[in-house]
Amino acid sequence: QVQLQESGPGLVKPSQTLSLTCTVSGGSITTNYAWSWIRQPPGKDMEWMGAINYDGSTYYSPSLKSRTSISRDTSKNQFSLRLSSVTPDDTAGYYCARRTGGKGDSGRNDYWGHGTQGTVAT
């Protein structure tokens, strides 16, 4: 059973950087699949932010690419999200997930973390 768990401070001031970590158990992030970050602002749809593939390649949403960085610590089986220059519009529930079957409609996010709240406020 693959499990994912998000962690991080959760409260960030405007203009600063939101940093979150996803800890994966039950499977290696270096063996297969892609490992994604997804967020959902209150009252809005889910938004894919980016992903890191098992080979270390990264992919980002065009709308967030300039502010988003995804990295990994293979020794800890973790991958992390850094979202810089945040504003209150970045307030959302943040989720990490495993993606299988490739990008597009052929793939699906089959395992999710429970999510963690990211709040941007003074």
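The values are calculated or read from the model by the stated rules, or taken from the named source; none is laboratory data. Bear in mind the structure is a predicted one, so any value in this text is a computation, not a measurement. Here the Cβ positions follow ideal geometry from the backbone for every residue, glycine too, while neighbour counts run over all protein chains shown. When the accessible area is computed, the model is the full protein with side chains, heavy atoms only, and any ligands, DNA or RNA have been set aside. Shrake-Rupley method; radii C 1.70, N 1.55, O 1.52, S 1.80 Å.
Some observations on this one:
- Yes/no for A34 being touching a Ser or Thr at 6+ places or on another chain (Cβ under 7 Å), among the small types (G, A, S) and at pLDDT 95 or above: no
Yes/no matrix, rows are residues, columns are (1) of a type in the set (D, E, K, R); (2) open to solvent by less than 30 Å² (accessible area, probe 1.4 Å):
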position	(1), (2)
L18	no, yes
V24	no, yes
N32	no, no
Y54	no, no
T58	no, no
P62	no, no
K65	yes, no
T68	no, yes
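- Among the candidates V120, V24, residue that is touching a residue at least 60 places away in the same chain (Cβ under 8 Å) and in contact with a helix residue (DSSP H, G or I) (Cβ under 9 Å, 6 or more places away or on another chain): V120
- Residues satisfying the stated conditions in region 74-100, i.e. more than 25 Å from K13 (Cβ to Cβ) and either open to solvent by less than 50 Å² (accessible area, probe 1.4 Å) or assigned to a strand (DSSP E or B) (or both): N77, A97, R98, R99, T100
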